[in-house]
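The values are calculated or read from the model by the stated rules, or taken from the named source; none is laboratory data. Computed from a prediction, not measured in an experiment: that's the story for all the values here. Please note: Cβ atoms are built from the backbone with ideal geometry, for glycine as well, and neighbour counts cover all protein chains shown.
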Amino acid sequence: MILGGDIGGTKTNLAAFERNGKRLRKIYERKFPSREADSFEEMLGVFLADLGPSAHCEAACFGVAGPVIGRSVHPTNLSWSVDADVAGEILGASRVALLNDMEATFAGIDALEPEELVSLQRGAPAPGAAQALIAAGTGLGESFRVPVAGGYQVVPSEGGHCDFAPRTEEEIELLRFLRETQTWVDVESVVSGRGFLLLHKFLGPSVDHPDFHDETDDPAAEITRRALDGACSICDQAVDLWVSLYGAEAGNLALKTLSRGGVFVAGGIAAKILPKLTSGRFVEAFQQKASLGAVLAAIPITLVLNPETPLVGAAAAAVALLDSA
C-alpha cells in the first residue's frame, strides 16, 4: 500500500493507493476538517483504523501547506505540526517524506490527463524554460520549477505572504480599507478564500447576507455562487475584482521567475469559478506589466481542474521513494 496526503488549512485528505502497472489505483480515501483535529497523528491513527490491522504501508508522502524544514513542517494556517519520523512510526514505514503542497501539486500535474487541464492562454512555451505554479485556496501557494538533468527541480516559495501591490485607484482604496483592521496586508489576504468576504465588505459595506453570520456556511462559497447565478451585483463585482487580483499576482510570479515554459493555476477555488477565470479578466490582468506585456502574452497559462492534484502528486512521490531504494 502507498499512502498519500494533502494537508491544508481547511481540510486534510488521506488516501491509500495500490500499484496498477505504471499507474496508481486509489483504494480508500478519507477527508478530515483540519482545524477540528488536535494533531496530525490523531487523523493518521483514525485513517489506519479504517483500513484495518492487515494494512501494510510501504511508503508515504504528505504534501503540506507550509515551509518544510528538514523532516517536519508547521502548516501555515494550523496549530499543529507534521513530523515525518513520527508518521513513519505510526505507519510502520521507513520511507516517509514531506513536501510543500506546491511541490506535491507540481508532481500531480505531471500525472493528469489532458481533460483535467484547461488552457487560459495558449502562448508559445519556450523549451527548457522555468514553469510557475500559483494556487489559491485557504491560503495562496506559489512556486516554480527549473529544468535539470532528468526532469525538473521544484523551488519552494512562500510568495503568497509578499506585500499586496495595488495597481489601480480602486485597489489603492482597497489597501486603505484593509489597513483599517490589518497591520500587515499580504497578497494572500485578498487572493485566497477569505478574500471574497473582504472584497464584498469593501465594495458593498451596506449589503449583507444572512449566511455571512452563520458559522456553518462558507461566505466564499456563497459569494461565488451568487456571482455565478447573477443573484447579487456586489458578489459579482467582488468575484471579478478577485479574479483580476489573482491574474495580476500570477503575472508578478511569472515575471519574478521568468517562467516562459508556462504558468499553472491550481488550488481549490479556480475550477469552481471557471466561467470567471475564462472570461478574459484573469489573462488581461496577467499581461498588464508595463513594457513586458508581450513577454507575458507568450507564456502559456493552464488551469488545473482536478482538486486532488496535490494528493495524486504526494502518492507519486511516495512511489518514487520506493523506486529509488
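Give segment 199-222 a look and list any residue that's at pLDDT 95 or above and within 23 Å of VAL283 (Cα to Cα), or say none.
LEU199, HIS200, LEU203
Give segment 235-270 a look and list any residue that's within 23 Å of GLU116 (Cβ to Cβ) and among the hydroxyl-bearing types (Ser, Thr, Tyr), or say none.
TYR246, SER259, listed by residue number.
Residue-wise test of (1) free of Cβ contacts under 8 Å to residues at least 12 places away in the same chain; (2) over 26 Å from THR76 (Cα atoms).
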residue: ALA16; (1), (2): no, no
residue: GLY21; (1), (2): yes, yes
residue: TYR28; (1), (2): no, yes
residue: PRO33; (1), (2): no, no
residue: GLU36; (1), (2): yes, no
residue: PHE40; (1), (2): no, no
residue: PHE47; (1), (2): no, no
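Going by what's in this entry, would GLY261 be described as touching a strand residue (DSSP E or B) at 6+ places or on another chain (Cβ under 9 Å), in contact (Cβ under 8 Å) with a residue 60 or more places away in the chain and at positive phi? Show your work before the answer.
Details: touching a strand residue (DSSP E or B) at 6+ places or on another chain (Cβ under 9 Å): yes; in contact (Cβ under 8 Å) with a residue 60 or more places away in the chain: yes; at positive phi: no.
Spelling it out, it is not the case that GLY261 is touching a strand residue (DSSP E or B) at 6+ places or on another chain (Cβ under 9 Å), in contact (Cβ under 8 Å) with a residue 60 or more places away in the chain and at positive phi.
Please report, ordered by residue number, the helices (runs of 4 or more DSSP H) entirely within segment 145-237 with at least 2 residues that are within 30 Å of ASP110 (Cβ to Cβ) and not charged (D, E, K, R).
Answer list for segment 145-237: 219-229.
Consider segment 280-312. How many of its residues are without any contact (Cβ under 8 Å) to a residue 40 or more places away in the chain, closer than 12 Å to GLY247 by Cα, of a type outside the set (Lys, Arg) and part of a loop (DSSP other than H, G, I, E, B)?
Count: 1.
Please go through (1) within 20 Å of VAL190 (Cα to Cα); (2) touching a Gly at 6+ places or on another chain (Cβ under 9 Å) for ALA298 and return the number of the only condition it doesn't satisfy.
ALA298 satisfies all of (1) within 20 Å of VAL190 (Cα to Cα); (2) touching a Gly at 6+ places or on another chain (Cβ under 9 Å) except (1).
If only one of VAL64, VAL96 is modelled with pLDDT under 95 and surrounded by 21 or more Cβ atoms within 10 Å (Cβ to Cβ), which one is it?
When all the criteria are applied, what remains is VAL64.
Is it the case that segment 2-25 has a residue that's out of contact with any helix residue (DSSP H, G or I) (no Cβ under 6 Å at 6 or more places or on another chain), surrounded by 14 or more Cβ atoms within 10 Å (Cβ to Cβ), of a type in the set (Asp, Glu) and part of a strand (DSSP E or B)?
No, that holds for no residue.
Has segment 94-106 got any residue that is part of a strand (DSSP E or B), closer than 30 Å to SER244 by Cβ and touching a residue at least 40 places away in the same chain (Cβ under 8 Å)?
Within segment 94-106 (the criterion being part of a strand (DSSP E or B), closer than 30 Å to SER244 by Cβ and touching a residue at least 40 places away in the same chain (Cβ under 8 Å)), the answer is yes, since at least one residue qualifies.
Please enumerate the residues belonging to segment 99-120 that are over 16 Å from the mean Cα position of the chain (by Cα) and either of a type in the set (D, E, K, R) or buried (at least 20 other Cβ atoms within 10 Å of the Cβ) (or both).
Of everything in segment 99-120, those that are over 16 Å from the mean Cα position of the chain (by Cα) and either of a type in the set (D, E, K, R) or buried (at least 20 other Cβ atoms within 10 Å of the Cβ) (or both) turn out to be GLU113, GLU115, LEU120.
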